[in-house]
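I'd like to ask some things about the structure below.
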């Protein structure tokens, strides 16, 4: 005992305690970290990689508003936006030759009638069973209507702007307008037709009304411009 007491110095006791703590602490670490003992300061920079994140572990609530931009989205995976498929039919509105560039509002469709050339034939309207064709030869314009519906009717009124017959009206009407028949929307006017209005009715209830102007002294030689409404 005397020999043991001689060896129990302060330095020996403290070194023994230190060895115990080291060994005991290692055992504690080996056994696992205490709950809530690891915080942001304990994480090494870039320590958390995608491989360490569990699938489906990140929810929408964990994503900051505005954090995901368009550059990070695979647009091809989104498909078609709801109702945007209807916009595909707008491609049909670009055919100016048949005046199908109209939009329908309240069941009524509006279409432009437009012809500008030195010569040639062009369909400027084709809708509701009524087709309107303009032909130019030299500086003479003809505007002809045809239909693909039986027992239709059509009416036109033309204001002649000829200097010798200014502002006189020429009217023409058919009681029956059938497929294969041609109707002169200028009402056989042999002067200088300036403004024409017409009305077309089909037996199924379809109607087309329009107004157009004619200029045979323009450049190009023949000009026809107006609008038609069908319902």
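Contact list please: Cβ distance under 8 Å, first residue in region 127-143 and free of Cβ contacts under 8 Å to residues at least 60 places away in the same chain, second residue outside any strand (DSSP E or B) and surrounded by fewer than 18 Cβ atoms within 10 Å (Cβ to Cβ), pairs at least six apart or on different chains.
Once the first residue is free of Cβ contacts under 8 Å to residues at least 60 places away in the same chain and sits in region 127-143, its partners that are outside any strand (DSSP E or B) and surrounded by fewer than 18 Cβ atoms within 10 Å (Cβ to Cβ) give 131/148; 137/119.
Can you pull out every residue in region 204-226 that is over 19 Å from residue 112 (Cβ atoms) and surrounded by fewer than 16 Cβ atoms within 10 Å (Cβ to Cβ)?
Result: 204, 205, 217, 219.
Just one of 209, 189, 182 is closer than 21 Å to residue 139 by Cα and either at pLDDT 90 or above or touching a strand residue (DSSP E or B) at 6+ places or on another chain (Cβ under 7 Å) (or both); which is it?
Step by step, each of 209, 189, 182 is checked, and only 189 is closer than 21 Å to residue 139 by Cα and either at pLDDT 90 or above or touching a strand residue (DSSP E or B) at 6+ places or on another chain (Cβ under 7 Å) (or both).
I would also like to ask the following. Please tell me if residue 166 is surrounded by fewer than 16 Cβ atoms within 10 Å (Cβ to Cβ), under 17 Å from residue 213 (Cβ atoms) and either touching a helix residue (DSSP H, G or I) at 6+ places or on another chain (Cβ under 8 Å) or modelled with pLDDT under 65 (or both).
When the stated conditions are applied, residue 166 passes them.
Which one of 58, 81, 38 is assigned to a loop (DSSP other than H, G, I, E, B) and modelled with pLDDT of 75 or more?
58
The values are calculated or read from the model by the stated rules, or taken from the named source; none is laboratory data. Quick caveat: nothing in here was measured; it's all calculated off a predicted structure. A quick note on method: Cβ atoms are made from the backbone with ideal geometry, for glycine too, and the neighbour counts reach across all protein chains shown.
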